[in-house]
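**Student:** Starting off with a structure, shown below.
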Amino acid sequence: MKKDNWKEHELEYLDCCPVCGLHGRTLRFSGIEDRMSGTRGQWDYYECQDCGVFYIDPRPTEKTIVRAYNDYFTHSVVEERERVGWIDQMALRMRNDYLNWKYGHNKEPTLNGGRRLMYLLPPWLRLEWDHYARHLPKPKLGNNRLLDVGCGNGQFLAAAQSAGWVCHGVDFDPKAVETARGRGIQVALGSLAGQQFTDDFFDAITLSHVIEHVHRPKDLLKECVRVLRPGGTLWVATPNVASFIRKWFQRNWLAYSPPHHLILFNPKSLRRLIEQLGLTVQFEHQGLHVQRNWRASQSLQQGRMGMQDVYLDAFTDRQTMLRYWLVELLAWIVLSIQGDVIIRATKS
C-alpha cells in the first residue's frame, strides 16, 4: 500500500475479516486507487477465505475517513436529464404512471395506461423501476415512517416523501446533509446509533450503497433491526463482488473505489449476516443495469478518470453490444451475478 498523505496514526490494521473475523485471507489486488473522485492513496483488497468478502487492510479509521468524502458525488443535487425525443418522452410518461400506481409516487407527466404498457415490455425494464422505488410498498397512514441510512443528497427521500412516507435520513457527511436539508428533508448528521431512536420506530429502513462504506456493518444492521418495527422492511443494496462485471474487469471494476468502499459483499455473505439477526431475506432484481456499469469499468480499463469521464462513451462496436446484452440477460436470470446484491428483508 502507498499511503501518500495518510499518516500512520490515521490508519488501522485488521489482519482478519471485518465481517466474520476469520484470519485466513488472500491478497486479491494491491495498489488500487480511487479514480472516480480522486482521493489520494493506493489500497490493498483482501478476500476472506471463509465468507468471501473483499476488504481493505489497512484502512482509514472512523475519524479520519471523513476527509475522503470532501469531494464525493453525494454532495450535489442531481436532477433527471431533460427528455426531448418522443421515445424518451413516452418512456418517461410510462415510467411515471407505473411508479404512481404501484408505489404511490406523485410524478408528472404521465401516460394514462402506461402501467399496462410496462408489462408488455421486456421485464428488466419494469424491474429497473421497482429497484428505483426500492421495492417498498405503498405507505399507509400510521404505518409510513421511513429511514434512509446514508441518505446522501436526499434524492430518494424526496421521491418517497411525495409518495406519502414520513421521511427521516441520517448521514455522516456534513456536505451531503446540508444538500439533503435543502430539499426539505429531515436529516440528522452522524451515525444511526447516535440518533437514539426508540425501539420499533420505523416501518421501513433502506441502505442504498451504504454498508460497503461502514467499518462495522454488523453493528449497523443490529441498530437497524432494533429501530425497525416487527413486520417492517429492511432494504439493502451494495456492489456485488461476485458479479460477472467484477470478474470480467478485475482491478478495473467500477465499484472498488477505495478508501470509500471498505468492504465488498457477495450475496451469500450479506444474506448470512442479515439472517443471523433474525430477519427473513429475499433477493431482488436490479433491472436493466449492466450497460452503465460496463461502460464505466471499460473506461477505467482504458485509463480514464473522474466521475464524468468514465460514463461518457457509448458502445460503438457490435461485439461489445452483443456481449453487454448477453450479460444483461444472464444477470436477470441468475441474480447472484448481477451488479449489486439487493436484499429485501422482513423483521419477524
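**Student:** Test R115 against the stated conditions and say whether it is touching a Phe, Trp or Tyr at 6+ places or on another chain (Cβ under 7 Å), assigned to a helix (DSSP H, G or I) and either surrounded by fewer than 19 Cβ atoms within 10 Å (Cβ to Cβ) or at pLDDT 90 or above (or both).
**Tutor:** Taking the combined requirement at face value, the residue satisfies it.
**Student:** Can you tell me how many residues within region 1-30 are within 15 Å of Y256 (Cβ to Cβ) and modelled with pLDDT of 95 or more?
**Tutor:** Residues meeting the conditions: 4.
**Student:** Among the residues of region 102-110, are any touching a strand residue (DSSP E or B) at 6+ places or on another chain (Cβ under 7 Å) and modelled with pLDDT under 95?
**Tutor:** Checked against the condition, which is being touching a strand residue (DSSP E or B) at 6+ places or on another chain (Cβ under 7 Å) and modelled with pLDDT under 95, region 102-110 yields no hits at all.
**Student:** Being out of contact with any helix residue (DSSP H, G or I) (no Cβ under 7 Å at 6 or more places or on another chain) and buried (at least 18 other Cβ atoms within 10 Å of the Cβ) narrows it down to one residue among A204, A176; which is it?
**Tutor:** After ruling out the rest, the residue left standing is A204.
**Student:** In this structure, does T320 turn out to be assigned to a loop (DSSP other than H, G, I, E, B), modelled with pLDDT under 95, β-branched (V, I, T) and surrounded by fewer than 16 Cβ atoms within 10 Å (Cβ to Cβ)?
**Tutor:** no
**Student:** Right, another one. Within the set of pairs 6 or more residues apart or between chains, which connect a residue that is within 11 Å of T110 (Cβ to Cβ) inside region 76-99 to a residue that is modelled with pLDDT of 85 or more and among the polar types (S, T, N, Q) with Cβ atoms less than 8 Å apart?
**Tutor:** R93/T110; N96/T110; D97/T110; D97/N112
**Student:** Only residues that are out of contact with any Lys or Arg (no Cβ under 8 Å at 6 or more places or on another chain) and not charged (D, E, K, R): list them for region 281-298, please.
**Tutor:** Across region 281-298, the qualifying residues are H285, Q286, L288, H289, V290, Q291, N293, W294, A296, S297, Q298.
**Student:** Let me ask another. For V187, state whether it is crowded, with 23+ Cβ neighbours inside 10 Å, modelled with pLDDT of 95 or more and of a type in the set (A, V, I, L, M).
**Tutor:** Judged against the criteria, V187 is a match.
**Student:** Shifting gears a bit: State which residue is surrounded by the fewest Cβ atoms within 10 Å (Cβ to Cβ) when the search covers only region 137-168 and only residues that are of a type in the set (A, V, I, L, M, F, W, C) and in contact (Cβ under 8 Å) with a residue 60 or more places away in the chain.
**Tutor:** A163
**Student:** Got a number for residues in region 250-301 being of a type outside the set (G, A, S) and closer than 18 Å to W43 by Cβ?
**Tutor:** Summing the residues that are of a type outside the set (G, A, S) and closer than 18 Å to W43 by Cβ in region 250-301 gives 15.
**Student:** Can you go through G287, G303 and tell me which one is in a loop (DSSP other than H, G, I, E, B) and more than 26 Å from Y69 (Cα to Cα)?
**Tutor:** That would be G287, the only listed residue that is in a loop (DSSP other than H, G, I, E, B) and more than 26 Å from Y69 (Cα to Cα).
**Student:** Of all residues being surrounded by 18 or more Cβ atoms within 10 Å (Cβ to Cβ) and hydrophobic (A, V, I, L, M, F, W, C) in region 50-72, which is modelled with the lowest pLDDT? Just the residue, please.
**Tutor:** Only one residue tops the list, namely A68.
**Student:** Let me ask something else. Just checking, does region 267-278 include any residue being buried (at least 20 other Cβ atoms within 10 Å of the Cβ), at pLDDT 95 or above and of a type in the set (G, A, S)?
**Tutor:** yes
**Student:** Determine whether L262 is at pLDDT 95 or above and under 21 Å from L207 (Cα atoms).
**Tutor:** Answer is yes for this residue.
**Student:** Can you tell me which of L264, L277, L273 is part of a helix (DSSP H, G or I) and touching a Lys or Arg at 6+ places or on another chain (Cβ under 9 Å)?
**Tutor:** L273
**Student:** Would you pick out the residues in region 118-138 that are part of a loop (DSSP other than H, G, I, E, B), closer than 29 Å to D173 by Cα and not small (G, A, S)?
**Tutor:** R134, H135, L136, P137
The values are calculated or read from the model by the stated rules, or taken from the named source; none is laboratory data. What you are looking at is a predicted structure, and each value in this text was computed from that prediction instead of being measured. When we count neighbours, we look across all protein chains shown, and the Cβ atoms used for this are built from the backbone with ideal geometry, even at glycine.
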